[in-house]
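Every number in this text was worked out from the coordinates using simple rules, so none of it is lab data. All values derive from a computational prediction rather than experimental measurement. Cβ: placed from backbone, ideal geometry, glycine included. Neighbour counts: every protein chain shown.
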Amino acid sequence: MRMIEIQEILDKISYLRADGEYVHFSFFFLPEMYLQVSAMADDTDTGIKCRQRGRKWKLSQFMTKTEIVRVAWNAVQAFEFHEMQERFKYKGKAIFNSHIDADALAGISDKIDARDPVLMEEV
């Protein structure tokens, strides 16, 4: 599929966020083809509205129209999920924030909160 055809497909997609902002679909080469979504949204740290960008999704010249639309759908889902991770708080902390350092997570990974399996056995 040619670049112009991919852009024509993306131009037919729209998604209105709950905050009234539309998601923008960008298509570019780095040097491969990628799709990235962005939207104006409040920064979860500063509260200042600015352009927030999702991750880059690789596209192939061999993709069908439906595959491209589904990648766009997945990109929107991931974007919204990421925002939820940053906004969900426990004790005032965004404990599911995907920006938490991997080494910090590894350091607490042995602190398990689970039911005692013995208590779960049927009587």
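Could you tell me whether Ile9 is β-branched (Val, Ile, Thr), more than 15 Å from the chain's Cα centre (by Cα), in a helix (DSSP H, G or I) and surrounded by 13 or more Cβ atoms within 10 Å (Cβ to Cβ)? It would help to see each step written out before you state the result.
Details: β-branched (Val, Ile, Thr): yes; more than 15 Å from the chain's Cα centre (by Cα): yes; in a helix (DSSP H, G or I): yes; surrounded by 13 or more Cβ atoms within 10 Å (Cβ to Cβ): yes.
Judged against the criteria, Ile9 is a match.
Going through (1) buried (at least 16 other Cβ atoms within 10 Å of the Cβ); (2) without any contact (Cβ under 8 Å) to a residue 12 or more places away in the chain; (3) not polar (S, T, N, Q) one by one, Val23 falls short only on (2). Given the criteria more than 30 Å from Met1 (Cβ to Cβ), β-branched (Val, Ile, Thr) and loosely packed, with under 11 Cβ neighbours inside 10 Å, does Ile112 qualify? For Ile112, the condition - more than 30 Å from Met1 (Cβ to Cβ), β-branched (Val, Ile, Thr) and loosely packed, with under 11 Cβ neighbours inside 10 Å - is met.
The set of residues from region 1-19 being of a type in the set (A, V, I, L, M, F, W, C) and within 14 Å of Glu67 (Cα to Cα) comprises Met1, Ile6, Ile9, Leu10, Ile13. Only helices (runs of 4 or more DSSP H) whose full extent lies in region 51-123 are considered here, and none of them has at least 2 residues that are in contact with a Ser or Thr (Cβ under 8 Å, 6 or more places away or on another chain), of a type in the set (A, V, I, L, M) and farther than 20 Å from Asp11 by Cα. A search for C-beta distances below 8 Å between a residue of region 90-117 that is under 21 Å from Arg53 (Cβ atoms) and any residue that is outside any helix (DSSP H, G or I) and among the hydroxyl-bearing types (Ser, Thr, Tyr), counting only pairs 6+ apart in sequence or on different chains, returns Ala94/Thr44.
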